[in-house]
Amino acid sequence: MASKSNYLLANNFNGLQHIGLPVTNIDHSREFYQQFGFQEVMAKEFSFGSGLAQVSMMERAGVILELYQLPGAERAAKGGPVDHIAFSVDDIDQAFAELKAAGMEIIEENAPMRLEFWERGCKFFTIRGPDGEKLEFNQIL
C-alpha cells in the first residue's frame, strides 16, 4: 500500500462534503428529511437546461444531503437515486490539475465550474470512477 504522501490529493482533501440526490418534489423531500432532524442550510434556484432547477442543502450532524429538482423531464435523464458523492478540497484548481495529470476522466468541459451556492459561491468538477460513478470535488469559496 502506498504511503499517505503518495495518494492523490494527499494534502488537499477534507473528507465527505455532500451526497447529491435528484428528487421529483423538493418540498416533499425537504419535509421528509426534516423528520430525521435535517435542517436546510442553503437553498437556491438556478438555470438548468429548459428552465429553473432548485437545490436544498440539508444538514444534520455534519452530514449534508444535496436535494435537487431539475425542470420537467430532465430529472429522468439523470440516472439513479444517488447522483454523486462530493468531497471537499482546500484548493479546487490544484485538485483539478493533479487529477487531470493523473489521467482521470473529467466530466465537465470547462472545469472547474462555478456555482453561486453558499454565501460566496463554490467551484467544482466531477470525475468518473471505474464503474461510472460520479465523484465531485468541491471547494466552498
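The values are calculated or read from the model by the stated rules, or taken from the named source; none is laboratory data. Keep in mind that this is a model prediction, so the values were computed, not measured. Note that we place each Cβ from the backbone using ideal geometry, even for glycine, and neighbour counts take in every protein chain shown.
Looking only at segment 21-43, decide whether some residue is in contact with a Lys or Arg (Cβ under 8 Å, 6 or more places away or on another chain), of a type outside the set (A, V, I, L, M), touching a residue at least 40 places away in the same chain (Cβ under 8 Å) and within 30 Å of residue 98 (Cα to Cα). Looking for residues that are in contact with a Lys or Arg (Cβ under 8 Å, 6 or more places away or on another chain), of a type outside the set (A, V, I, L, M), touching a residue at least 40 places away in the same chain (Cβ under 8 Å) and within 30 Å of residue 98 (Cα to Cα), one finds at least one in segment 21-43, hence yes.
Evaluate segment 101-109: report whether one residue or more is part of a helix (DSSP H, G or I) and either modelled with pLDDT of 90 or more or more than 18 Å from residue 11 (Cβ to Cβ) (or both). Quick ask: steps written out before the conclusion?
Just the residues of segment 101-109 that are part of a helix (DSSP H, G or I), to begin with: 101.
Those still in the list that are either modelled with pLDDT of 90 or more or more than 18 Å from residue 11 (Cβ to Cβ) (or both) too: 101.
So far as segment 101-109 goes, yes, one or more of its residues are part of a helix (DSSP H, G or I) and either modelled with pLDDT of 90 or more or more than 18 Å from residue 11 (Cβ to Cβ) (or both).
The combined condition, being touching a residue at least 24 places away in the same chain (Cβ under 8 Å), part of a loop (DSSP other than H, G, I, E, B), hydrophobic (A, V, I, L, M, F, W, C) and surrounded by 12 or more Cβ atoms within 10 Å (Cβ to Cβ), is fulfilled by residue 13.
Considered as a group, the residues in segment 92-128 that are within 23 Å of residue 57 (Cβ to Cβ) and of a type in the set (Gly, Ala, Ser) include one that is surrounded by the most Cβ atoms within 10 Å (Cβ to Cβ), and that residue is 95. Looking at segment 77-84, can you tell me whether even one residue there is part of a strand (DSSP E or B), under 24 Å from residue 25 (Cα atoms), at pLDDT below 90 and under 15 Å from the mean Cα position of the chain (by Cα)? Among the residues of segment 77-84, at least one is part of a strand (DSSP E or B), under 24 Å from residue 25 (Cα atoms), at pLDDT below 90 and under 15 Å from the mean Cα position of the chain (by Cα), which makes the answer yes.
Quick one: is residue 98 among the charged types (D, E, K, R), more than 24 Å from residue 24 (Cα to Cα) and in contact (Cβ under 8 Å) with a residue 60 or more places away in the chain?
Values: among the charged types (D, E, K, R): yes; more than 24 Å from residue 24 (Cα to Cα): yes; in contact (Cβ under 8 Å) with a residue 60 or more places away in the chain: yes.
It is true that residue 98 is among the charged types (D, E, K, R), more than 24 Å from residue 24 (Cα to Cα) and in contact (Cβ under 8 Å) with a residue 60 or more places away in the chain.
Within segment 7-52, the set of residues being of a type in the set (Phe, Trp, Tyr) and closer than 21 Å to residue 70 by Cα comprises 32, 33, 46, 48. For residue 61, the test of being of a type in the set (A, V, I, L, M, F, W, C), farther than 30 Å from residue 101 by Cβ and surrounded by fewer than 11 Cβ atoms within 10 Å (Cβ to Cβ) is passed.
State whether the residues of segment 19-41 include one that is at pLDDT 90 or above, assigned to a loop (DSSP other than H, G, I, E, B), surrounded by 13 or more Cβ atoms within 10 Å (Cβ to Cβ) and of a type in the set (Asp, Glu). Scanning segment 19-41, I find no residue that is at pLDDT 90 or above, assigned to a loop (DSSP other than H, G, I, E, B), surrounded by 13 or more Cβ atoms within 10 Å (Cβ to Cβ) and of a type in the set (Asp, Glu), so the answer is no.
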